[in-house]
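A.B. asks: Quick one: the structure is below, and I'll ask about it shortly.
Just so you know, all these numbers are worked out from the coordinates, no wet-lab data involved. Computed from a prediction, not measured in an experiment: that's the story for all the values here. For neighbour counting, all protein chains shown are included, and Cβ atoms are generated from backbone atoms with ideal geometry for every residue, glycine included.
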Amino acid sequence: MSAVTEKSTAAGAIVETRALTKIFGGVRAVDGLDFAISDGEIHCIIGPNGAGKSTLFKLFMGIERPTAGTIALDGHDVTRLAPHLRARRGLAIKFQAMQVYQDLTVYQNLFIPLRRHHRPREIPERCAELLAQLQLTDTEERIVGDLSHGQQQWLAIGMSMAVDPKVLLLDEPTAGMSPEETRQTAAIMRQLNESGVTIAVIEHDMAFVRDLDTRTTVLHYGKVFAQGAFADIERDEDVHRIYLGKI
Amino acid sequence: MAQRHSVLDRYLGPLNGPHTMGRGVAFWVGFVIVVAVLASFPEYMRRYDIINLSNFLISGFLALSLSLLWGYCGVLSLGQAAFHGIGGYAYGIVALNLFNAHGNTDLAFFAGVAIPVIFAAIIGGIMFFARLRGVYIAILMLVVSLLIGTFMRQTADPSYTIGAAYLGGMNGLRPASVEDPLLPSLIFGWGETVIELDGRRPAFFYFVLGLLVAVYLGLRCLVNSSYGYWLVGCREDPNRTETFGYDVRLIQLGVFCIAAAIAGLSGVLYTAWGTYIHPDGFGVAPNILVVIWVAVGGRKDLGAAIAGAIVLEWVSLRLAAEGEIAFLVLGAILVGVMLIAPNGLGITIGDYIRRGHDRAIAWVRAR
């Protein structure tokens with residue numbers, strides 16, 4: 001473990017795991033993980049491929065069941081809860097794979113998550129707000145499959161935002177985006193965070209993580225390898241050795 | 001935003017929406033004309049043709065049920081005809097037992113719809129809460145249908161009687177004794193009022209046509225409501241939809257039961273139409289036929305599915321004199337349509353009409 005590692009369970013944690021373990025066959029994708037996301041923060045999770053980052057998000061959301069350990073959301077144990085019940089408690093996710101309804105219009109894509117918390121007559125207005133926030137104004141009637149990759153990524157983020165989450169899990173939100181789109185995505189995330197949403201984000205784009213400049217966790221072999229401010233993480237030689245490359 | 005396009009939306013709002021073809025004046029005028037033309041058939045068509053047309057319309061209910069389940073919610077069932085058969089048997093068994101006492105088939109009609117729903121709730125609950133999906137549901141439902149058919153075929157022994165109803169094995173449902181009533185057509189009774197709808201008479205045809213229009217319009221309202229969006233969400237990506245807080249299992253179970261009710265209704269009408277029901281309806285061919293009607297017409301639109309059923313039933317009837325060739329031709333039609341218009345002929349033609357209509361309007365505006 002790296003020298004910069006902080007105490008992993010922070011006070012005021014909104015998501016917290018204890019001894020969380022997930023074994024696929026003989027592989028320990030997540031290995032006895034004690035980890036916490038503090039209420040109101042943006043928390044970046046980085047690490048080499050196979051470090052268990054996406055598996056961790058799937059465990060948070062209930063898509064995968066843990067082999068051992070517990071997950072708490074806002075102080076309540078949600079380890080055994082189905083994904084839709086975790087969503088109702090304020091957890092939302094954008095998966096690594098593009099998860100938009102490709103054959104539907106942008107409006108229809110947003111209607112489905114928005115309808116969860118809004119009456120039908122409120123949806124057009126809320127939809128317009130979201131589209132403005134995502135810089136997708138005037139795309140309501142377009143089929144999603146016809147949008148650019150970056151626009152689809154934003155829409156996928158917007159669909160997760162549409163359920164008014166307490167905690168938003170974003171798995172590689174900038175994958176395939178241009179540098180300008182990546183900067184805009186960071187701005188959207190900051191804006192969202194300022195409105196009170198806690199965000200956990202998995203990223204490989206270090207420029208993006210540097211731009212966010214928030215608390216960062218390095219996962220390695222399913223365990224916390226390092227944790228702290230990104231500036232400190234970036235200076236850590238051990239992190240460079242396992243993930244970022246030689247200084 | 002999702003703009004309402006038709007001036008009729010003020011009055012027909014719930015019927016129109018993004019999940020059904022046709023929302024403008026031209027569509028609704030065309031719809032009224034088609035229904036009016038169908039309603040006028042008994043005036044100038046032979047009685048034999050009207051009897052057959054009644055049966056085609058009954059097939060329309062079955063097509064609607066699979067369109068809702070498969071086309072809107074993405075749950076392909078290869079055993080939808082099982083609910084048709086269960087509904088038919090339930091209607092027949094209750095009618096044979098209660099007709100003498102009640103003088104009508106009100107309860108039998110209700111049972112023919114309700115019992116398939118109960119059966120669907122049990123088997124659907126097991127399937128969906130076990131998180132079965134895709135091909136597993138399709139195959140499981142076909143197996144269930146075949147198992148019911150196999151059981152019903154071996155009920156020729158006289159011990160297989162339920163009160164006044166003898167299941168009758170391969171020969172189908174019949175009275176248990178000569179004192180018991182014959183399997184009746186639909187007879188509705190309210191107090192002194194009795195309405196008899198004999199499957200060979202125009203009144204039955206009008207009833208089936210009216211009911212089909214009502215169910216079609218009701219389902220249009222359903223699929224264009226918020227519930228319709230949830231169905232489409234489950235079809236497009238059930239895992240993603242679940243992460244928005246929707247219990248996908250309950251949504252799938254709900255639509256499975258609604259589809260079973262509609263398929264059961266078709267079974268009731270079929271049994272009342274021919275005053276017989278037999279186990280062949282649970283076989284592979286009847287189940288696959290429903291899939292062919294819906295796939296050829298267009299599974300993602302209710303009207304296209306009905307049109308597919310009626311047209312292909314007519315084709316089957318025309319080819320019936322040629323022996324087993326009918327099924328071969330239907331199979332060839334399915335393959336051809338899947339290659340040329342994978343969304344179904346009805347939807348593809350509808351798309352061409354819509355594009356032509358949009359171009360014409362643009363041309364007129366440009367002038």
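A.B. asks: Listing A:59, B:64, B:250, B:142 from the residue with the fewest other Cβ atoms within 10 Å to the one with the most, what is the order?
C.D. replies: Arranged by neighbour count, lowest to highest, A:59, B:64, B:250, B:142 become B:250, B:142, A:59, B:64.
A.B. asks: How large is the helix-only mean residue ellipticity at 222 nm for chain A, computed as the sum of -39500 (n - 2.57) over DSSP H runs with n ≥ 4, divided by its residue count, in deg cm²/dmol to the nearest 500?
C.D. replies: -9000 deg cm²/dmol
A.B. asks: Roughly what percent of Cα-Cα pairs across the protein assembly as shown reach past 47 Å?
C.D. replies: Considering the protein assembly as shown, 29 percent of its Cα-Cα pairs are separated by more than 47 Å.
A.B. asks: Another question, if that's okay. What range in chain A is the longest one free of trypsin sites (Lys or Arg not before Pro) that are in a loop by DSSP and have at most 11 other Cβ atoms within 10 angstrom?
C.D. replies: Between the exposed loop sites, the longest stretch runs A:81-245.
A.B. asks: Label residue A:28 and residue B:349 with points 7 Å out from Cα along Cα→Cβ: what is the distance between them in nm?
C.D. replies: According to this spin-label approximation, the distance is 6.5 nm.
A.B. asks: Using +1 on the beta carbon of Lys and Arg, -1 on that of Asp and Glu, and nothing else charged, what's the dipole of region B:46-281 about the Cα centre, debye to 20?
C.D. replies: 520 debye
A.B. asks: OK, next. Kindly identify region B:216-367 as rounded, prolate or oblate by the Cα gyration tensor criterion: order the square roots of the eigenvalues as a ≥ b ≥ c, call it rounded if a/c is under 1.5, otherwise compare a/b with b/c, prolate if a/b is larger, else oblate. Mind showing how you got there, number by number?
C.D. replies: Working: a/c = 1.97, a/b = 1.16, b/c = 1.70.
Judged from the Cα gyration tensor, region B:216-367 comes out oblate (a/c at least 1.5, b/c at or above a/b).
A.B. asks: Evaluate the relative contact order of chain B (contact order divided by residue number), counting alpha-carbon pairs under 8 angstrom at least 6 apart; express in whole percent.
C.D. replies: On the way: 604 pairs, mean separation 104.3, N = 367.
After rounding, I find 28 percent.
A.B. asks: Placing +1 at every Lys and Arg Cβ and -1 at every Asp and Glu Cβ, with all other atoms neutral, what dipole size does chain A have around its Cα centre, in debye to the nearest 20?
C.D. replies: In total the dipole reaches around 900 debye.
A.B. asks: To continue, here is another question. Using 1/(1 + (r/R0)^6) with R0 = 41 angstrom and r between the beta carbons of residue A:72 and residue A:241, what's the FRET efficiency to the nearest 0.05?
C.D. replies: E between residue A:72 and residue A:241, to the nearest 0.05, is 0.80.
A.B. asks: Given the Cα-Cα distance of residue A:96 and residue A:135 and 0.36 nm per residue of separation, how much length would full extension add, in nm?
C.D. replies: Gain in length upon complete extension: 11.9 nm.
A.B. asks: Give me the distance in nm between label points sitting 7 Å out from Cα along the Cα-to-Cβ direction at residue A:195 and residue B:203, one decimal.
C.D. replies: For residue A:195 paired with residue B:203, the spin-label model returns 6.2 nm.
A.B. asks: Given Cβ point charges of +1 (Lys, Arg) and -1 (Asp, Glu) and nothing else, what value in debye, to the nearest 20, does the dipole of the protein assembly as shown about its Cα centre take?
C.D. replies: Value, rounded to 20: 420 debye.
A.B. asks: Å³ per residue of the Cα convex hull, for region B:46-281?
C.D. replies: 129 Å³
A.B. asks: Calculate, for residue B:49 and residue A:19, the FRET efficiency according to 1/(1 + (r/R0)^6) with r their C-beta to C-beta distance and R0 60 Å; round to the nearest 0.05. Intermediate results must be reported in sequence, preceding the final value.
C.D. replies: Values: r = 74 Å, r/R0 = 1.24.
FRET efficiency, residue B:49 to residue A:19: 0.20.
A.B. asks: Going down the table (A:58/A:223; A:94/A:166; A:58/B:300), which pairs top 24 Å between alpha carbons? Each step should come with its number before you reach the end.
C.D. replies: Values: A:58/A:223 16 Å; A:94/A:166 14 Å; A:58/B:300 32 Å.
Among A:58/A:223; A:94/A:166; A:58/B:300, the Cα-Cα distance tops 24 Å for A:58/B:300.
A.B. asks: For a label point 7 Å from the Cα of residue B:211 along Cα→C-beta, name the residues of region B:246-290 whose backbone N is under 16 Å from it.
C.D. replies: B:259-277
A.B. asks: Also, I was wondering about something else. What nm value, rounded to one decimal, do you get for the distance between residue B:41 and residue B:118 when each label is placed 7 Å out toward the C-beta?
C.D. replies: 3.4 nm
A.B. asks: Another question, then. Within chain B, what's the longest stretch lacking GluC sites (Glu not before Pro) that sit in DSSP loops with no more than 14 other Cβ atoms inside 10 Å?
C.D. replies: The segment B:1-178 is the longest one with no such site.
A.B. asks: For residue B:162, which sequence-distant residues (separation of 5 or more, or a different chain) have an amide H within less than 5 Å of its own amide H, given hydrogens modelled in the peptide plane?
C.D. replies: B:167
A.B. asks: Nearest 10 degrees is fine. How inclined is helix B:135-153 to the longest principal axis of chain B, computing both from alpha carbons?
C.D. replies: 20 degrees
A.B. asks: Same structure, new question: Helix B:325-340: angle to the longest alpha-carbon principal axis of chain B, degrees 0 to 90, nearest 10?
C.D. replies: 20 degrees
A.B. asks: Taking R0 as 25 Å, what FRET efficiency do you get between residue B:143 and residue B:332 from their Cβ-Cβ distance, rounded to the nearest 0.05?
C.D. replies: 0.40
A.B. asks: Kirkwood hydrodynamic radius, computed over distinct alpha-carbon pairs, for region B:1-148: how many Å, to one decimal?
C.D. replies: Here the Kirkwood hydrodynamic radius works out to 18.7 Å.
A.B. asks: Restricting attention to the alpha-carbon atoms of region B:214-286, what are Rg (one decimal) and Dmax (integer), both in Å?
C.D. replies: Computed over the Cα atoms of region B:214-286, radius of gyration and Dmax are 16.1, 49 Å.
A.B. asks: How far is helix A:123-133 tilted, in degrees, relative to the longest principal axis of the Cα atoms in chain A, given as a value from 0 to 90 rounded to the nearest 10?
C.D. replies: 50 degrees
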